[in-house]
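*Asks:* Please read through the structure below; I'll follow up with questions.
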Amino acid sequence: MKEEITTEHTEAPEQPLLPGMEELAAENENLRAEIRMRDAVSDIKSRLAQAGAKSPGLLTDRARESFQFSDEGSLTNAEAVVEHLRKTYPEQFAAASIDASAGRTPRPTLTKEALARMTPAEIQRLDWAEVRATLAS
């Protein structure tokens, strides 16, 4: 009779943890979480800057609680976070104007022809420095 060979896999007994291993494992996990968050913050800040946000850092800080990560540690909802911030804080994404005088009504320019059409009373109410400058030109 042949002996039957069994191919059952027997697990090795668990190794006892060395002193300090639990602390090292916890520290390792904390460091992984910090790296994951740092990468996610960098990604969101970059996306917000590309979207024209005025304060990407502040908006990113506001959205940290809503970050969702894959099992590998990458941010999975970056586009949704940016879209939510756009809807929640539209003033942060308003187009900036480079015109420093936007919204101001320009003063009419005083000309010699305009002075000639005015009455003496109207001329008297004008800024005399501007009247002199107009007459001198």
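*Asks:* Using a 10 Å cut-off on Cβ atoms, rank the peptides 121-129, 75-83 from the highest mean neighbour count down. Let's see the in-between values first.
*Replies:* Numbers: 121-129: 9.9, 75-83: 16.2.
Top of the packing list down: 75-83, 121-129.
*Asks:* With the convex hull built on the Cα atoms of the range 21-93, state its orientation-averaged projected area in nm².
*Replies:* Values: hull surface 19.8 nm².
Over every viewing direction, the Cα hull of the range 21-93 projects on average to 4.9 nm².
*Asks:* Assuming R0 = 41 Å, what is the FRET efficiency of Thr119 and Ala95, from their Cβ-Cβ distance, to the nearest 0.05?
*Replies:* Working: r = 45 Å, r/R0 = 1.10.
Rounded to the nearest 0.05, the efficiency is 0.35.
*Asks:* Sequence-distant or interchain residues sharing an amide H contact under 5 Å with Phe69, placed H: which?
*Replies:* Thr76
Where a number appears in this text, it was derived from the coordinates with a stated rule and is not lab data. These numbers were taken from a predicted model, which means no experiment stands behind them. Here the Cβ is made from the backbone with ideal geometry for all residues, glycine too, and neighbour counts use every protein chain on show.
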